[in-house]
1. Take the residues in segment 13-34 that are more than 13 Å from the ligand (Cβ to nearest atom), open to solvent by less than 20 Å² (accessible area, probe 1.4 Å) and within 28 Å of I211 (Cβ to Cβ), then tell me which one is nearest to the chain's Cα centre (by Cα).
2. Run M92 past the list (1) within 12 Å of the ligand (Cβ to nearest atom); (2) assigned to a loop (DSSP other than H, G, I, E, B) and report the number of the one that doesn't hold.
3. Only one of these conditions is not met by I55: (1) under 19 Å from the mean Cα position of the chain (by Cα); (2) away from the ligand (no atom under 16 Å from the Cβ); (3) part of a helix (DSSP H, G or I). Which number is it?
4. Quick check: anything in segment 105-124 part of a helix (DSSP H, G or I) and open to solvent by less than 40 Å² (accessible area, probe 1.4 Å)?
5. State which residue pairs qualify: first residue closer than 13 Å to S103 by Cβ and inside segment 31-54, second residue open to solvent by 50 Å² or more (accessible area, probe 1.4 Å) and modelled with pLDDT of 95 or more in any location, beta carbons under 6 Å apart, and separation of 6 or more residues or different chains.
6. Test G86 against the criterion of being open to solvent by 60 Å² or more (accessible area, probe 1.4 Å), in contact with a helix residue (DSSP H, G or I) (Cβ under 9 Å, 6 or more places away or on another chain) and in contact (Cβ under 8 Å) with a residue 12 or more places away in the chain, and give yes or no.
7. Going by the structure shown, is T71 away from the ligand (no atom under 16 Å from the Cβ) and outside any helix (DSSP H, G or I)?
8. Where residues in segment 35-52 are crowded, with 16+ Cβ neighbours inside 10 Å and under 25 Å from T150 (Cβ atoms), which of them is farthest from the ligand (Cβ to nearest atom)?
Amino acid sequence: MNAQLREKYGTRTRRVVLKVSGQSFCRAGERGISMDEVVHLAEQTSRAAGRGVQIAIVMGGGNILRGAQFTSGNAGIEEATAHYMGMLATVMNGLALQDALESLGCQTRLLTAIRMEAVAEPYIRRRARRHLEKGRIVLLAAGTGSPFVTTDTAAAQRALELEADVLLKATRVDGVYSDDPEKNAHAVLYSELTYHQVQQQNLRVMDPTAIAQCMEHDMPIVVFNYLKVGNIERAVQGERLGTLISSRERSAAFSEGSTS
Ligand code: UDP
């Protein structure tokens with residue numbers, strides 16, 4: 001929450017938006033939905049919710065389909081159509097995560113940016129906030145409801161409109177590196193970065209629209225490794241881990257991190 005909003009709302013229960021990519025729903029290097037992976041994610045999230053933090057989750061859909069895979073005319077599918085298909089993929093992930101969370105006793109609501117009342121509630125900002133206040137885990141699917149953007153942008157958008165304290169980006173690595181840590185063993189792990197540094201160094205953290213939106217509204221982003229047991233719990237509570245991206249210049253901008 002930026003300073004202006006903090007002043008407006010005072011102290012209240014911590015609220016976070018957690019962005020989980022489609023790759024969190026499948027085994028590394030595979031596609032589709034693996035319930036083992038979904039259950040792992042649900043267990044970690046359930047424990048985090050037990051800490052009394054309000055959690056909204058924005059799901060990606062890249063494990064099933066990304067619109068950018070289809071350029072215009074490719075395979076007879078228009079690019080916009082492919083983006084809508086990508087948004088529907090996030091709904092499938094949302095349904096899987098909802099059942100996994102509820103089987104663990106969590107209260108959840110799945111809200112979609114494209115109306116489909118037979119399976120989920122429509123996304124309405126005030127309703128989403130009410131669910132959060134009641135302690136329900138809110139699952140936000142179908143991205144922004146508009147094509148040609150990604151769920152990173154949806155996550156930034158929802159973090160802003162739901163007045164989250166932070167946008168948490170769950171990844172399979174420890175944070176933001178100078179290079180791809182899965183390919184370059186000498187990649188350096190940054191502990192803190194400014195939005196400008198992310199833009200100038202063209203670091204592949206989230207899509208540029210999401211970074212620009214967070215920068216404009218001073219929404220901090222924490223990029224962290226969700227695969228390490230307990231990290232989602234730590235991240236939602238505001239424990240220092242991964243890479244913090246904010247507007248503040250700090251001295252120790254990076255650490256010589258291992259790629260483990
Ligand atoms: N998408 C879209 N509008 C949105 C969000 C998503 O058109 O607001 C489409 C887009 O084609 C995207 C796909 O849905 O590639 C799946 O989302 P994303 O690529 O963000 O998933 P992730 O990479 O996080 O798994």
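The values are calculated or read from the model by the stated rules, or taken from the named source; none is laboratory data. The shown structure was predicted, so the numbers you read here are calculated from the model rather than taken from an experiment. We place every Cβ from the backbone using ideal geometry, glycine too, and count neighbours over all the protein chains shown. Surface areas here come from the heavy atoms of the whole protein model, side chains and all, with no ligands, DNA or RNA. Shrake-Rupley method; radii C 1.70, N 1.55, O 1.52, S 1.80 Å.
1. Checking each candidate, the answer is V17.
2. Among (1) within 12 Å of the ligand (Cβ to nearest atom); (2) assigned to a loop (DSSP other than H, G, I, E, B), the lone unmet condition for M92 is (2).
3. It is condition (3) that I55 fails.
4. Within segment 105-124, none of the residues are part of a helix (DSSP H, G or I) and open to solvent by less than 40 Å² (accessible area, probe 1.4 Å).
5. Within 6 Å, the pairs are A42/L104; S46/L104.
6. Taking the combined requirement at face value, the residue does not satisfy it.
7. Answer is no for this residue.
8. Among residues in segment 35-52 that are crowded, with 16+ Cβ neighbours inside 10 Å and under 25 Å from T150 (Cβ atoms), the one farthest from the ligand (Cβ to nearest atom) is A48.
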